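Each remark here refers to the structure printed beneath this line.
The values are calculated or read from the model by the stated rules, or taken from the named source; none is laboratory data. As the structure is a computational prediction, the values presented were derived from the model and not from experiment. As a convention, Cβ positions derive from the backbone with ideal geometry for all residues, glycine included, and neighbour counts pool all protein chains shown. Note: areas computed on protein heavy atoms with side chains; ligands, DNA, RNA excluded. Shrake-Rupley method; radii C 1.70, N 1.55, O 1.52, S 1.80 Å.
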Amino acid sequence: MLDRFNREINYLRISVTDRCNLRCTYCMPEDGIKMLKHDEILSFDEIIEVIKTGVKYGVNKVRVTGGEPLVRKGIVDLVRMIWSVEGVKDLSMTTNAILLAKYTNDLKKAGLQRINISMDTINPEKFNQVSRGGDIAAVFAGIEAAKRAGLTPIKINCVLWDASEDRNAEEVADYCKQNDLQVRFIHQMNLSTGEFSVVEGGDGGNCSKCNRLRLTAAGDIKPCLFSDLSYNVRTLGVEEAFTQAAGNKPKAGTYNKSGDFYNIGG
Ligand code: SF4
């Protein structure tokens, strides 16, 4: 479907949980998060209903995000259910890869096609510090397992959290070159102040060509990451929420004072 600005809206990013097994400093507040209760999180059937409605309006590309999607119980079953929706042509996931190594074969068999992995540094100490406790060895193991399973191309999302981190970015770029991975640099964003830029090596942040809607774990359809607009599928019903979100998609992002990356899925 075309929105008011003649942009083809065919991409739905789905946050399947607000939970994560890391606590990255630029994403998760120091003093923790107020997590959604179990019954506040959409069930698999509710998620599938939103996707089926989306397909009716032209969605054919779906990305599974979080929090960290691999901490959602039954995630392989959900991927299988999404891939079985007629009209879904492109199914991908964004993960921090900490749990990836044990899921790659099952995710591939379930229909997952490709994967983006968040990795801001290849330096073990820095990784541990930025993720507040993560082990980069698990990420490297996840990358190798994804390659073996054929979840390719593998894209590396590298957040540049500090301008002085150029050396770090070069190391990540070299690692990706040596390992046949595609790197995308994401300059640190700030939802509440509206600071964002186009993703280097990707298409995020380019408002004039924006083709996406987001579904949060709590059932809000958000027409734009940098906007407070959201339409809840449980309150309005799926069809109404979807058409209102697509119909009210802003020309460009401004700021978002009501959400956080960990519960919108970036
Ligand atoms: S800020 Fe909004 S309109 Fe712009 S690219 Fe991001 S989601 Fe799309």
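Structure notes:
- Residue 31 paired with residue 240, simple spin-label distance in nm, labels 7 Å along Cα-to-beta-carbon: 3.7
- The chain: angle of helix 136-149 to the longest principal axis, Cα-based, in degrees nearest 10: 60
- Pairs of Cα atoms nearer than 8 Å and 6+ residues apart set the relative contact order; for the chain it is 23 percent.
- In the stretch 21-109, the GluC sites (Glu not before Pro) that fall in loop regions by DSSP, at most 13 other Cβ within 10 Å: 30, 86
- Heavy-atom accessible surface of the stretch 11-264: percent carbon and sulfur, 1.4 Å: 50
- Rounded to the nearest 20 debye, dipole of the chain from Cβ charges on Lys, Arg, Asp, Glu: 720
- Residue-averaged 222 nm ellipticity for the chain, from DSSP H runs of 4+ at -39500 (n - 2.57), nearest 500: -8500 deg cm²/dmol
- Inter-centroid distance (Cα atoms) of the stretch 14-60 relative to the stretch 182-255, Å: 14
- List 20, 158, ordered by accessible area with a 1.4 Å probe, largest first: 20, 158
- Taking 4.7 Å between C-beta atoms as the pairing limit, the chain has these partnerless cysteines: 20, 158, 176, 207, 210, 224.
- On Cα atoms only, tilt of 166-178 relative to the major axis of the chain in degrees: 90
- The slack in the chain from residue 260 to residue 99, taken as 0.36 nm per residue of separation less the alpha-carbon distance, amounts to 55.7 nm.
- If you model the chain as an ellipsoid using its alpha carbon gyration tensor, with each semi-axis the square root of five times an eigenvalue, the axes come out at 27, 21, 18 Å, biggest first.
- Highest-MSF residue in the chain out of 74, 134, 202 [GNM, Cα springs under 10 Å]: 74
- For the stretch 11-264, accessible area per residue (1.4 Å probe, heavy atoms of protein chains only), Å²: 45
- Using a simple spin-label model with pseudo-atoms 7 Å out from Cα toward Cβ, residue 207 and residue 61 lie 2.0 nm apart.
- Of the whole protein surface, residue 80 contributes about 120 Å² of accessible area at a 1.4 Å probe radius.
- Remark: accessible surface ordering of 235, 193, 243, 53 (largest first) is 235, 193, 243, 53, probe radius 1.4 Å.
- About the Cα centre, charge dipole magnitude for the stretch 113-266 (Lys/Arg +1, Asp/Glu -1 at Cβ), debye: 560
- Per-q log10 I(q)/I(0), the stretch 49-203, q = 0.09, 0.10, 0.16, 0.18 Å⁻¹ (Debye; single scatterer per alpha-carbon; no solvent): -0.31, -0.38, -0.94, -1.14
- DSSP assigns beta bridges within the stretch 1-127; of those with both partners inside it, close to 5 percent run antiparallel.
- Applying a threshold of 26 Å to the alpha-carbon distances of 56/102; 73/109; 147/251; 155/209 flags 56/102; 147/251 as lying beyond it.
- Volume per residue for the stretch 39-139 equals 111 cubic angstrom (convex hull of Cα atoms).
- Positive-pole candidate from 99, 256, 88, dipole of the chain, charges at beta carbon: 88
- Nearest-ten-degree value, helix 44-56 long axis tilted from longest Cα axis of the chain: 70
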